[in-house]
Amino acid sequence: MKIRKRGFIALLAAAALTLAGCGGAPSNETAQQSDGAKGVILAVSFGTSYNDSRDKTIGAIENALADAYPDYEVRRAFTSQIIIDKLKERDGLEIDNVTEALDRLVADGVKELIVQPTHVMHGYEYDDTVEEIEKYRDKFDNVTVAEPLLDTNEDYADVAAAVADDTAEYVTDGNTAVVLMGHGTEHDSNSSYAKLQDVYTSNGPKNYFIGTVEATPTLDEVMQTVKDNGYTKVVLRPLMVVAGDHANNDMAGDEEDSWKSVFEKEGFEVECVLKGMGEIPAIQQIYVRHVKDAMDKTGE
C-alpha cells in the first residue's frame, strides 16, 4: 500500500483515505511507481486494529521515513493476517501482507527495495519477513532489509533514553516506578528485554523496570522488583511500537488479571499511559537511521 505519491496520484491517495474514513496510509492501489522515485521503502509492521494508535505510531514512523527520504516511495505491509482481515471486514481498509506487497512491487516494476521492519527486535516476525524477502531477491536489482528497533548498543541506549524522556513528567516525586510492558517471546531475542533493563540499571534512570506478557521477566517478577525497591506508585506503559490489544487489555484493562488490577491489589497507586513507542519522535528517528544504514549497505 502506497502512502506517498506525487501529482495526480497523490490526489487519488488522499481521496481514497477520506472515503475510507481512517487516518494514516490509504488503501492499496495498483498504479505504477511514482515518476522520479528512486526506489521504495517497504515499512513492514505486525499491525494493529486500533485505528488511533496505528495512525500515531505506524503511520508516524512511515511519515518520518517519507520525510527523511523524499526520493523514495514509502509503502506499507502488515505481517498479521488476522489484523489485515479484521480491518478489511470492519473498516473496508485493505492492507497488503508481505507477499502481496512484494507481488505489487514486482508488478509495478520497482527495482530498488529497502525493507524496514518496525518490529522491536529480531524475533519470529522479523525472521519471517527476512525469509519472505529472500524468495523475491532475484526480482529486484537491489534488496536490503534494515534492522528492527533494537539492534546495536547505540539503539538500546537511544530507546532507553527516548522512553525515559517521554515519561519524565510522571516520575518527579521519587516514589514512582515506570513499569514497561513488553510482549515477550520464546525466541532467543527475548534476551533483548534483559539487555534494555541493564541499560536502565547500569546507567539510569533506575526507576524503570521491564516485564513481559508472554515470557520473562513475568508480571510477578517485575512487581516483586518494584516492591523490593520501595516504590508506592506505578506508571504502566507499553514497551511496544503500538498501544494495541495488549496495552488496552492486558496492561490497562479492568479484568482482575490485568497488570493494572494486579498492581492495585498489591496496594500500589497505578497510572496507565496508553502510548506506543512509535509516537515518540526519537524512536521514529532510530528507524530513519536504520534505513540510512541499509542504504549505505546497498551502496557498498
*Dipole size in debye (nearest 20) for the chain around its Cα centre, Lys and Arg Cβ +1, Asp and Glu Cβ -1?*
900
*Once amide H atoms are built 1.01 Å from N in the peptide plane, which residues 5 or more positions from VAL235, or in another chain, come under 5 Å H to H?*
ALA177, VAL178, VAL179, GLU271
*Give, as a single signed number, the net charge of other residues whose beta carbon lies under 14 Å from the beta carbon of GLN284, with Lys and Arg counted +1 and Asp and Glu -1.*
-4
*Angle, helix 98-107 long axis vs. longest principal axis of the chain, Cα atoms, 0 to 90°, nearest 10?*
20
*For region 57-86 and region 106-133, write down the distance between their C-alpha centroids in whole Å.*
12
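Relative to the present Cα-Cα distance, how much length would full extension add between GLN81 and ASP151 at 0.36 nm per residue of separation? Numbers along the way, then the final one.
Details: separation 70, 0.36 × 70 = 25.20 nm, distance 2.60 nm.
Stretched fully, the GLN81-ASP151 segment lengthens by 22.6 nm.
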*Sequence-distant or interchain residues sharing an amide H contact under 5 Å with GLY182, placed H: which?*
GLY211, THR212, VAL213, LEU239
*Got a sec? Charge dipole of the chain, +1 on Cβ for Lys and Arg, -1 for Asp and Glu; which of LEU65, LEU274, VAL241 is way out at the positive end?*
LEU65
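Which order do the peptides 112-122, 217-227 come out in when sorted by mean C-beta neighbours inside 10 angstrom, highest first? The partial results should precede the final answer.
On the way: 112-122: 24.0, 217-227: 17.0.
Per-residue Cβ counts within 10 Å, averaged per peptide and sorted highest first, yield 112-122, 217-227.
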_Net charge over other residues, Cβ less than 11 angstrom from the Cβ of ASP166 (K, R count +1; D, E count -1)_ = -1
*If you stretched the chain out fully between ASP141 and ALA168, how much longer would it get, using 0.36 nm times the residue separation minus the C-alpha to C-alpha distance?*
5.1 nm
*With everything on Cα atoms, drop me the angle between helix 219-228 and the longest principal axis of the chain, reported from 0 to 90° to the nearest 10.*
50
*Once amide H atoms are placed 1.01 Å from N in the peptide plane, what residues at a sequence separation of 5 or more from VAL74, or on another chain, have their amide H within under 5 Å of its amide H?*
ILE3, ARG4, ILE41
*For region 266-272, just list the computed ³J(HN,Hα) in residue order, Karplus coefficients 6.51, -1.76 and 1.60, θ = phi - 60°, integers in Hz, with x standing in for Gly and Pro.*
8, x, 7, 7, 10, 10, 9
_Derived scalar couplings ³J(HN,Hα) [region 65-82; Karplus, 6.51 cos²θ - 1.76 cosθ + 1.60; whole Hz; x for Gly, Pro]_ = 5, 5, 5, 6, 10, x, 7, 10, 8, 10, 10, 10, 9, 10, 9, 8, 5, 4
*Packing-based order for 147-159, 128-140, 230-242, using average beta carbon neighbours within 10 Å, highest first*: 230-242, 147-159, 128-140
*Using a cut-off of 11 Å between beta-carbons, work out the net charge of the residues near ASP257 (Lys and Arg +1, Asp and Glu -1, ASP257 not included).*
-2
*Relative contact order of the chain: what whole-number percent is it, with Cα pairs under 8 angstrom and at least 6 residues apart?*
18
*Any chance you could count the Lys pairs in region 125-271 whose alpha carbons are under 25 Å apart, treating pairs 8 or more apart or on different chains as valid?*
12
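Where a number appears in this text, it was derived from the coordinates with a stated rule and is not lab data. What you see is a predicted model, and the numbers here were worked out from it, not measured in a lab. Note that we place each Cβ from the backbone using ideal geometry, even for glycine, and neighbour counts take in every protein chain shown.
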